[in-house]
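A short worksheet on the structure shown next.
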Amino acid sequence: DFSSLDVYLDELMSQIICTKHCDSISDSVPIYRCLLSSISKCSHISLQHQNFMFKWIPALSEIYSNESLWEIIFGSMTLAEATHFSPDRDMCRMLDALVIRCAAVWSDSHVLACQRWILSQDLKKWSGSYLSCQRAVRFLVVTGQHLSFQYQLKSSGIRLGKPFVCADSQENARASVSLAMLCGSKGFSPNNLSNSSILEWCEGRNKLPNWLSLIMYVAQAGKSCCQLATNCILDRMSMKSAPIELVQVVILRLYCSFPLSIPLGNQRLRVTLLEGARCHATPWMCWRCPLDNQ
């Protein structure tokens, strides 16, 4: 009964605001879990469902949030699970939007804590069904508070917003690139017909996938970050944790965007670049490069 629950949550919020005491809300994690669990069992996610979730989850999480909530909104509902009970994947889309709605009302310190929590998680959690790496990557990109890396290429590195947490240390940069490559590799498998569409998306001049944008933002943070990102990607290819075809197009994009930062002394890199240029000879001529006007 949404009406009764709405009244209850209104009273709970009023109590917290009046007393300025957040201990009572610390027990609200079961409420988050109950709300998402009950809606996930619906065969169709109605507009009423969405409005209710968009109203209360961000409001409650603005006052109190911890790892338990983050595990709920970044996990539990993958595309595969969404397909199981919702042909239109309504639940998955709602959770994707819900994460961004929450981030819009969170304080800077809250957003930073969540970002650091994402980067501190074991990659195995993101590779399975426990947490959604796609949702986490989108959150990191949206909350990064930076201009488009393509715009910055033309504006002499002018940067807005605060330092990018994904590149403020080697550990975070490595974790960000690994998470992004894991996200890009999902759904990419031998003889899979969708592989070509994934590569075509990476070949576009604009509207890159979130995971590729995250890699570009890390590489843009400086020469050391660019080299770290490049080596991390090549290492994942060597460990067979990332498809060769995907690595080739990513390395080629990095070289095109940051030609003066790429470590060309690396033989693996040169071989990957040559093969990538051969496979993507036509599209990569349309990509932006800071050396175009020189």
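Between a first residue in segment 91-108 that is free of Cβ contacts under 8 Å to residues at least 24 places away in the same chain and a second residue that is outside any loop (DSSP other than H, G, I, E, B), which pairs have beta carbons less than 7 Å apart while being 6 or more apart in sequence or on different chains?
Sorted first by the residue in segment 91-108, then by its partner, the pairs are Cys92/Leu79; Cys92/Ala82.
Is it the case that segment 254-264 has a residue that's within 22 Å of the chain's Cα centre (by Cα), part of a helix (DSSP H, G or I) and buried (at least 20 other Cβ atoms within 10 Å of the Cβ)?
Yes, segment 254-264 contains at least one residue that is within 22 Å of the chain's Cα centre (by Cα), part of a helix (DSSP H, G or I) and buried (at least 20 other Cβ atoms within 10 Å of the Cβ).
Given the conditions (1) open to solvent by 20 Å² or more (accessible area, probe 1.4 Å); (2) of a type outside the set (D, E, K, R); (3) at pLDDT below 85, report the number of the one that Gln152 does not fulfil.
Every condition holds for Gln152 apart from (1).
Do you know which residues across segment 237-251 are under 19 Å from the mean Cα position of the chain (by Cα) and surrounded by fewer than 21 Cβ atoms within 10 Å (Cβ to Cβ)?
Residue satisfying the conditions is Ser241 alone.
Before we move on, is Ser241 of a type in the set (S, T, N, Q), touching a residue at least 24 places away in the same chain (Cβ under 8 Å), in a loop (DSSP other than H, G, I, E, B) and more than 17 Å from Val218 (Cβ to Cβ)?
Numbers: of a type in the set (S, T, N, Q): yes; touching a residue at least 24 places away in the same chain (Cβ under 8 Å): yes; in a loop (DSSP other than H, G, I, E, B): yes; more than 17 Å from Val218 (Cβ to Cβ): yes.
Yes, satisfied.
Going by what's in this entry, would Arg278 be described as part of a helix (DSSP H, G or I), open to solvent by 70 Å² or more (accessible area, probe 1.4 Å) and modelled with pLDDT under 90?
The answer is yes for Arg278.
From (1) closer than 17 Å to Leu212 by Cα; (2) open to solvent by 30 Å² or more (accessible area, probe 1.4 Å), pick out the condition that doesn't hold for Val271.
Single failed check for Val271: (1).
Out of the residues in segment 101-138 meeting the condition of being under 11 Å from the mean Cα position of the chain (by Cα) and β-branched (Val, Ile, Thr), tell me which one is surrounded by the most Cβ atoms within 10 Å (Cβ to Cβ).
Among those residues, the one meeting the criterion is Val137.
Considering only residues that are among the basic types (Lys, Arg) and at pLDDT below 90, look in segment 198-235 and name the one that is least open to solvent (accessible area, probe 1.4 Å).
Filtering segment 198-235 for residues that are among the basic types (Lys, Arg) and at pLDDT below 90, the one least open to solvent (accessible area, probe 1.4 Å) comes out as Arg205.
Can you find even one residue in segment 282-294 that is of a type in the set (D, E, K, R), open to solvent by 40 Å² or more (accessible area, probe 1.4 Å), touching a helix residue (DSSP H, G or I) at 6+ places or on another chain (Cβ under 6 Å) and under 22 Å from Leu208 (Cα atoms)?
Yes, segment 282-294 contains at least one residue that is of a type in the set (D, E, K, R), open to solvent by 40 Å² or more (accessible area, probe 1.4 Å), touching a helix residue (DSSP H, G or I) at 6+ places or on another chain (Cβ under 6 Å) and under 22 Å from Leu208 (Cα atoms).
The values are calculated or read from the model by the stated rules, or taken from the named source; none is laboratory data. If you're wondering where the values come from, they're calculated on a predicted model, not measured in any experiment. Methodologically, a virtual Cβ is constructed for each residue, glycine included, from the backbone with ideal geometry; neighbour enumeration extends over all protein chains shown. For the accessible areas, the whole protein counts, side chains as well, though only heavy atoms, and no ligand, DNA or RNA atoms are used. Shrake-Rupley method; radii C 1.70, N 1.55, O 1.52, S 1.80 Å.
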